1. Kindly indicate whether any position in the range 73-80 is in contact with a strand residue (DSSP E or B) (Cβ under 9 Å, 6 or more places away or on another chain), surrounded by fewer than 18 Cβ atoms within 10 Å (Cβ to Cβ) and not β-branched (Val, Ile, Thr).
2. Could you check the range 10-42 and list, in sequence order, the residues that are more than 16 Å from residue 103 (Cβ to Cβ) and β-branched (Val, Ile, Thr)?
3. Of the residues in the range 60-118, how many are under 18 Å from residue 43 (Cβ atoms), modelled with pLDDT under 95 and among the basic types (Lys, Arg)?
4. Restricting the search to the range 38-83, which residues are under 24 Å from residue 22 (Cβ atoms), assigned to a helix (DSSP H, G or I) and of a type in the set (Ser, Thr, Tyr)?
5. Being of a type in the set (Gly, Ala, Ser), without any contact (Cβ under 8 Å) to a residue 24 or more places away in the chain and either on the phi > 0 side of the Ramachandran plot or surrounded by fewer than 16 Cβ atoms within 10 Å (Cβ to Cβ) (or both) is the filter here; which residues of the range 25-61 pass it?
6. Determine, yes or no, whether residue 32 is modelled with pLDDT of 95 or more, in contact with a helix residue (DSSP H, G or I) (Cβ under 7 Å, 6 or more places away or on another chain) and not basic (Lys, Arg).
7. Any idea which residue in the range 83-100 is surrounded by the fewest Cβ atoms within 10 Å (Cβ to Cβ), counting only those that are touching a residue at least 24 places away in the same chain (Cβ under 8 Å) and not aromatic (Phe, Trp, Tyr)?
Amino acid sequence: MVKRKAPRSSKPKPTGRLRVGGFSLDLDRRCVVRKDGNEQRLTPKQCALLYTFINRGGQVLTRRFLMKEIWETDYLGDTRTLDVHVRWLREKIEEEPSQPVYLRTVRGVGYRFEAPKR
């Protein structure tokens, strides 16, 4: 007898498009569309991570929370995976990835997403 594993997450998948500053996140097509029309495809993890940041804008999200929320693990021994995904997101949403405006590092804690004030 073969046992099937239950799906890892029973959360409903968000849909639609979220507009933030100079870009929008298209959840249906899993891409970022910049105001200049440039479109950047996202992996499922990148899309989930960016959605989480936008959805919790202004809040400091700890590394532990992000690893649990996106990778569904409590393991924090190596969080370079998170750092690399954040770097990839910055390359897709920031004008200057080395000087981020949207996705800010909170040293020793995690990250905070900030939409620029207009």
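The values are calculated or read from the model by the stated rules, or taken from the named source; none is laboratory data. Predicted model, so just to flag it, every value in this text is computed and none were measured. Cβ atoms come from the backbone with ideal geometry, glycine included; neighbour counts cover every protein chain shown.
1. In the first step, residues of the range 73-80 are kept if they are in contact with a strand residue (DSSP E or B) (Cβ under 9 Å, 6 or more places away or on another chain); the result is none.
So far as the range 73-80 goes, no, none of its residues is in contact with a strand residue (DSSP E or B) (Cβ under 9 Å, 6 or more places away or on another chain), surrounded by fewer than 18 Cβ atoms within 10 Å (Cβ to Cβ) and not β-branched (Val, Ile, Thr).
2. Taking the range 10-42 first, the residues more than 16 Å from residue 103 (Cβ to Cβ) are 10-17, 19, 26-31, 33, 35-39, 41.
Within the range 10-42, 15, 33 meet the criteria.
3. Matching residues across the range 60-118 total 1.
4. 51, 52
5. The first filter runs over the range 25-61 and keeps only residues of a type in the set (Gly, Ala, Ser), leaving 37, 48, 57-58.
Imposing the further condition that a residue be without any contact (Cβ under 8 Å) to a residue 24 or more places away in the chain reduces the set to 37, 48.
Selection gives 37 alone.
6. Numbers: modelled with pLDDT of 95 or more: yes; in contact with a helix residue (DSSP H, G or I) (Cβ under 7 Å, 6 or more places away or on another chain): yes; not basic (Lys, Arg): yes.
Judged against the criteria, residue 32 is a match.
7. Here is the first cut: in the range 83-100, the ones touching a residue at least 24 places away in the same chain (Cβ under 8 Å) are 85-86, 88-89, 92-93, 95.
Retained after the next criterion (residues that are not aromatic (Phe, Trp, Tyr)): 85-86, 89, 92-93, 95.
Working: 85: 19, 86: 21, 89: 24, 92: 18, 93: 24, 95: 10.
Filtering first and then ranking leaves 95.
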